[in-house]
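The values are calculated or read from the model by the stated rules, or taken from the named source; none is laboratory data. None of the values given here were measured: they were computed from a predicted structure. Using ideal geometry, Cβ is built from the backbone for each residue, glycine included, and neighbour counts are taken over all protein chains shown.
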Amino acid sequence: MNPVLTKSKYILGLECPRHLWSTFNQPEKIRKFTLAEEFKFSQGDKVGQLAKTLFSDGIDLSTKNYLENLQQTKEAMRKYKPLFEAGFAFENCFSRADILVPVGKEWDIIEVKSGTKVKDINFHDVSFQKYIYESNGLKIRKCFLLHLNNEYIRKGNLDFEKLFIKKDITSEVNLVMKDIKERIDKMFEIINSDKIPKAGLLIDKMIKEGNHDCFTENCLDLPENNIFCLYRGGKVSSELFENGIMHIKDIPQHVKLNGKQNIQRECEIKNKTYVDKEGIKQFLATLKYPIYYLDFETFSTAIPMFDSLKSYSQVPFQFSLHIAKKEGSKPEHHAFLYDGNGDPREDFAIALKKLIGEKGTVLVYNQSFEIGRLKELAEHFPEHKKWIDNVLKRIVDLLVPFREFSYYNPKQQGSASIKDVLPAITGKSYKGMEIGDGGTASAEFYNMCYNNGKDVRESLLKYCKLDTLAEVMIVEKLRKIMKVKK
């Protein structure tokens, strides 16, 4: 049986030829989706289903059977009503439209996306559909993208008309259609080849940005401390990569780097840790007892679940708090994890208010996140605003000494994330935990409380506790560094 190029596989081919080849020839090399990724896809499905409610007379043709979908589409076309998942095939290519809407004897394509803005890849997505449909004799009038409105704030019941924005992308689609036949032919060459293609892109973007992740095992086999680990490397990293330089330690001395990038190169060459004691001293001087080591966990959904939320607003459901009352005292641990199926925000705020006093440092890692959530809570619950404003004034960011390179260990690989700093500075890590990252924590919590999922309370509590324990251990290590004589 000849391979069939679907719309989703066409997009794979644009993003990574090796991923496309592996999908047809070595599917076992495609890694499994993470729980966080599956959750994101499920949110997209919900947005797609909700979009259908805007067309009350629409005919749903969604079926997993390829041939059955083609036959149902052929029959439904005669009714001249909006069609959901209408499928067409042409020269071993197959595509379904999220929504096809009749306009006289012509049709509009409406592609539904769960994002909040139009992306370049969306034009290629719709261009593939338009190519297949017009090859079947359909007259396509216009192409639209229906995406979420990031300005819409939920108040009471959802307003579906305001939740979505409909954007005309016809001209952009027509522009990228010019070379579509050549791209399709190239993809079939890749699919039918006996050789694995080079990792890369037909749309040359993601590798240059250093964030290539196409789900194919070892697709882009970069070494540790590669040039994309260069702090804010951007254009410099891209140029080095194009010139065949892979390791930070191999960056020629004539290449102009900024101060932090130079520290990375020197640490790699000499295999040593960089310490700026003055920078660490200044940071530690900002800490005042009692110290509240704090971390939040949140979840977000494409469709706002509660009042005052937008699409993808972060909803806090859990916190961990270690309280060190004075220097040398063992920190006391406190935790909150919402236990219900409603809005967790007020219970969260009340529980936190009972534990954080009016004086002392509130220490977090990457303060913009916690500050943002606290400000949102103050806006939604004005009765807690005075207390929250007091907390906001006392927040200190543990990210600072690592972002400023007052401490840098090559094991961090250019990252100042707590997940990378903790093992680099203490030898401890998140490995082996049932829940070991924020994305998984969010998905597990949502599934447990709102989707009848398994009970993961214990794992959530352990994970969040480690976040604030990590803060405690990092501060202790910084203090020890200051006591060591040069």
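Below are the figures for this structure:
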quantity: Where residue 240 falls short, out of the listed (1) surrounded by fewer than 14 Cβ atoms within 10 Å (Cβ to Cβ); (2) in a helix (DSSP H, G or I); calculated: (1)
quantity: Subset of region 348-384 that is of a type in the set (D, E, K, R) and surrounded by 17 or more Cβ atoms within 10 Å (Cβ to Cβ) - its residue that is nearest to residue 308 (Cα to Cα); calculated: 376
quantity: Condition broken by residue 265, with the remaining ones in (1) among the basic types (Lys, Arg); (2) loosely packed, with under 14 Cβ neighbours inside 10 Å; (3) at negative phi satisfied; calculated: (2)
quantity: Filtered residue count, region 65-115, keeping only those that are farther than 22 Å from residue 164 by Cβ and charged (D, E, K, R); calculated: 8
quantity: The one condition in (1) outside any strand (DSSP E or B); (2) modelled with pLDDT of 95 or more that residue 335 fails to fulfil; calculated: (1)
quantity: Helices (runs of 4 or more DSSP H) fully within region 8-82 counting 1 or more residues that are surrounded by 13 or more Cβ atoms within 10 Å (Cβ to Cβ), within 31 Å of the chain's Cα centre (by Cα) and of a type in the set (Asp, Glu); calculated: 35-52
quantity: In region 355-404, the residues that are of a type in the set (A, V, I, L, M, F, W, C), under 22 Å from residue 332 (Cβ atoms) and not in a helix (DSSP H, G or I); calculated: 356, 362, 363, 364, 395, 396, 398
quantity: Cβ pairs under 7 Å, 6+ apart, first in region 467-480 and farther than 14 Å from residue 324 by Cα, second among the charged types (D, E, K, R); calculated: 467/295
quantity: Members of region 284-329 that are closer than 24 Å to residue 408 by Cα, in contact (Cβ under 8 Å) with a residue 40 or more places away in the chain and surrounded by fewer than 22 Cβ atoms within 10 Å (Cβ to Cβ); calculated: 284, 286, 287
quantity: Residue in region 135-142 that is surrounded by 19 or more Cβ atoms within 10 Å (Cβ to Cβ) and either under 28 Å from residue 307 (Cβ atoms) or touching a Leu at 6+ places or on another chain (Cβ under 7 Å) (or both) present; calculated: no
